[in-house]
Amino acid sequence: MPELPEVETIARKLKPELVGKTILDAQLRWPRTLAFPSARKFKEQIKGQQIRDVTRRAKYFIVHLSREAFSLLIHLRMSGDLLIKARNIKPEKHDRLILRLSGDRSLVFNDTRKFGRVWLTANPESVLGKLGPEPFSKGFTSQWLHTALHNKHRQLKPLLLDQTFLAGLGNIYTDEALHIAKLHPLAVSDSITAEQAQTLQDAVRKVLKEGIRRNGASIDWVYRGGEFQNHFRVYDRQGKPCPTCGTKIERILIGQRSTHYCPNCQMR
Ligand SMILES: [Zn+2]
């Protein structure tokens, strides 16, 4: 499942291809891909809009449109993918939404497992409003993190995965950040000291930055082109030596999510 660095990488690639293009029409091939509005309204409202910009918030793509400050929001979830193709190419089996564009192009949302969702709205906050801060925003300081951790009484791993707490982290980057910060994934949030919060804040930014620099991680059949998977410290490395101390990395399940950590570096 793509996390902040993967979504950022895809957004950066799509932007130069999409900005300035006009959306000629929309083919909705799997109605439930569209979360809002109705299919009829969507097709009506998106037609003729020009793409002004492509940005990211948390794990959402935001395609900024020309008319009435509309935004097209896209969340890839488990298996979604966004592809630029020729305008009149024959659709593939799992293509859920196709936007035909000017310049003989189309933007194709392909999604094998159908969990991905698309919104077209003049009020993006209705979808994005509950998200926690962006890790690269000014608001994400170690003081903020320390206070926020103490306002909760939750285990670190599930708390960091919670997008309403902090935006953008998923399974990979959470495990990597906790390893750098030497914090156990089951440590309870309100036991974290100010110094540990500082280390964790640094670690979160560090792993996300490295992920972006390496074009994200390519660990499944959908997202290709990244190479962060060759630099994992703990993620998917159970039984292999910890890069810091050589102890074997362990894998445990926390809330159904596989979690990787070094039992020596990340003691409870
Ligand atoms: Zn270790």
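The Cα center of the stretch 70-115 and the Cα center of the stretch 215-268 differ in position by 31 Å. With the helix formula -39500 (n - 2.57) applied to DSSP H stretches of n ≥ 4, the chain reaches a computed 222 nm mean residue ellipticity of -8000 deg cm²/dmol.
Please compare each pair in LYS59/LYS209; LYS206/LYS248; LYS13/LYS85; LYS15/LYS93 to a cut-off of 18 Å on the Cα-Cα distance and tell me which ones are over it. Too far apart for the 18 Å limit: LYS206/LYS248; LYS15/LYS93. Based on C-alpha pairs under 8 angstrom that are at least 6 apart in sequence, the stretch 67-180 has a relative contact order of 25 percent. Helix 171-180 and the longest principal axis of the C-alpha atoms of the chain enclose an angle of approximately 30°. In the stretch 14-135, Cα pairs under 8 Å separated by at least six residues give a relative contact order of 30 percent.
Counting only other residues whose beta carbon sits under 13 Å from that of HIS64, what net charge do I get with K and R as +1, D and E as -1? Its environment carries a net charge of +4.
Could you list MET267, MET1 in order of exposure, starting from the residue whose Cβ has the fewest other Cβ atoms within 10 Å?
Listing MET267, MET1 from fewest to most nearby Cβ atoms yields MET267, MET1.
Measuring nothing but how far apart in sequence close Cα pairs (under 8 Å, 6+ apart) lie, relative to its length, the chain scores a relative contact order of 17 percent.
Quick note: the coordinates plus some simple rules give every number you see, no bench work behind them. Keep in mind that this is a model prediction, so the values were computed, not measured. Note: ideal-geometry Cβ built from the backbone for every residue, glycine included; neighbour counts use all protein chains shown.
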